[in-house]
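J.: Here it is, the structure, as structure tokens.
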Amino acid sequence: MDVVLSPETLAMLFGAAMVAGFIDAIAGGGGLITIPALLLAQVPPLHTLATNKLQGSFGSLTASLMALRRGLVRWVDMRALFACSLAGAAIGAWAVQFVNAKTLDIVIPVVLVSIGLYFVLAPNAGALDSRPRMKDAAYRGVVVPGIGFYDGMFGPGTGSFFSMAGVALRGHNLVTATAQAKLLNFASNIASLAVFIAGGKVIWTVGATMIGGQVIGSWAGSHAMVRGGTKLIRPMIVTVCCIMLAKYTWQKGLLSF
């Protein structure tokens, strides 16, 4: 499918993707900006989700390449985890067709509250590397594909979820955990994107415009993440989780202003 949008609308989507890419590179949650922007541009909801995955995949790819180039992560350490995230997301994207949508009303708030509370109640978590609380095999075989499954099926807060798991379960510092989260989120993004492409749901001209903004924003956000470290990442993750939770509960009529 393709749609024709005005130059002004395409410029708005480019700007939205650039801001989203910056936020996503640091804390995740860029879809808070790009999905409403696409809907505002009158893109149908399912095509919005598909096109958002396209442009988001390029943002997570940019952040991943930056992390690898800076030596924050090594591909040799990540390839098995990458494959597990990819597999989990592919299964999740397939399974979502058979899941009652009302499950989202329980799962998403629980996930967002859990992430936010962890970083608020454990203020020193991720400041330094610590002893792993879970063996690598269990983390690789259960946790990573589980979060990938969540992204393929639902999605909100996936990057923050990967970061929290790296800190809480593998004892990584927050910068390393966030860098690893970029690669794992890229894997889950492309698995979901493949399903959308197979279904013909991606709007390529719109996605191509937003890819440019995503790459610029993600590049800038990755540099800010490295320079700011834990002092920048932690409050941004908590803020993004709070905003996503408020937005979701408001949409479901559970919160009014």
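J.: For region 166-175, state whether one or more residues are touching a residue at least 24 places away in the same chain (Cβ under 8 Å), more than 25 Å from residue 5 (Cα to Cα) and crowded, with 24+ Cβ neighbours inside 10 Å.
T.: Yes; the residues of region 166-175 include at least one that is touching a residue at least 24 places away in the same chain (Cβ under 8 Å), more than 25 Å from residue 5 (Cα to Cα) and crowded, with 24+ Cβ neighbours inside 10 Å.
Conditions tested, residue by residue: (1) of a type in the set (Gly, Ala, Ser); (2) at pLDDT below 90; (3) under 22 Å from residue 67 (Cβ atoms).
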site	(1), (2), (3)
145	no, no, yes
185	no, no, yes
195	no, yes, no
206	no, no, no
225	no, yes, yes
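J.: Scan region 160-183 for residues that are modelled with pLDDT under 90 and among the aromatic types (Phe, Trp, Tyr) and jot them down.
T.: Matches in region 160-183: 161 only.
J.: Just to be sure before I move on: is residue 215 surrounded by fewer than 23 Cβ atoms within 10 Å (Cβ to Cβ), closer than 21 Å to residue 113 by Cα and out of contact with any His (no Cβ under 9 Å at 6 or more places or on another chain) in the structure I sent? Let's see the steps before the verdict.
T.: On the way: surrounded by fewer than 23 Cβ atoms within 10 Å (Cβ to Cβ): yes; closer than 21 Å to residue 113 by Cα: no; out of contact with any His (no Cβ under 9 Å at 6 or more places or on another chain): yes.
No, not satisfied.
So that you can scan it fast, the table gives a plain yes or no per residue for (1) among the β-branched types (Val, Ile, Thr); (2) modelled with pLDDT of 90 or more; (3) more than 26 Å from residue 46 (Cβ to Cβ); (4) under 15 Å from the mean Cα position of the chain (by Cα):
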site	(1), (2), (3), (4)
209	yes, yes, no, no
220	no, yes, yes, no
231	no, no, yes, no
246	no, no, no, no
255	no, no, no, no
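J.: When you check residue 70 against the structure, is it charged (D, E, K, R) and closer than 15 Å to residue 219 by Cα, yes or no?
T.: Taking the combined requirement at face value, the residue satisfies it.
J.: Something else about it: Looking only at region 176-208, which residues are surrounded by fewer than 22 Cβ atoms within 10 Å (Cβ to Cβ) and not aliphatic (A, V, I, L, M)?
T.: 176, 196, 199, 200, 201, 204, 205, listed by residue number.
J.: Further, regarding this structure: Tell me which residues, restricted to region 104-131, are of a type outside the set (D, E, K, R), over 20 Å from the mean Cα position of the chain (by Cα), exposed (fewer than 13 other Cβ atoms within 10 Å of the Cβ) and at pLDDT 70 or above.
T.: 121
J.: Here's a follow-up. Output the number of residues of region 16-57 satisfying the condition of being part of a loop (DSSP other than H, G, I, E, B), touching a residue at least 40 places away in the same chain (Cβ under 8 Å) and over 12 Å from the mean Cα position of the chain (by Cα).
T.: Selection size over region 16-57: 2.
J.: Let me ask something else. Would region 181-196 turn up any residue that is in contact with a His (Cβ under 7 Å, 6 or more places away or on another chain), in contact (Cβ under 8 Å) with a residue 12 or more places away in the chain and among the hydrophobic types (A, V, I, L, M, F, W, C)?
T.: Within region 181-196, none of the residues are in contact with a His (Cβ under 7 Å, 6 or more places away or on another chain), in contact (Cβ under 8 Å) with a residue 12 or more places away in the chain and among the hydrophobic types (A, V, I, L, M, F, W, C).
J.: Can you tell me which residue is surrounded by the most Cβ atoms within 10 Å (Cβ to Cβ) among those in region 49-87 that are within 20 Å of residue 201 (Cα to Cα) and in contact with an Asp or Glu (Cβ under 9 Å, 6 or more places away or on another chain)?
T.: If we take residues in region 49-87 being within 20 Å of residue 201 (Cα to Cα) and in contact with an Asp or Glu (Cβ under 9 Å, 6 or more places away or on another chain), then 59 is surrounded by the most Cβ atoms within 10 Å (Cβ to Cβ).
The values are calculated or read from the model by the stated rules, or taken from the named source; none is laboratory data. Because the structure is predicted, anything quoted here is derived from the model rather than measured. Virtual Cβ from ideal backbone geometry, glycine too; neighbours counted across all protein chains shown.
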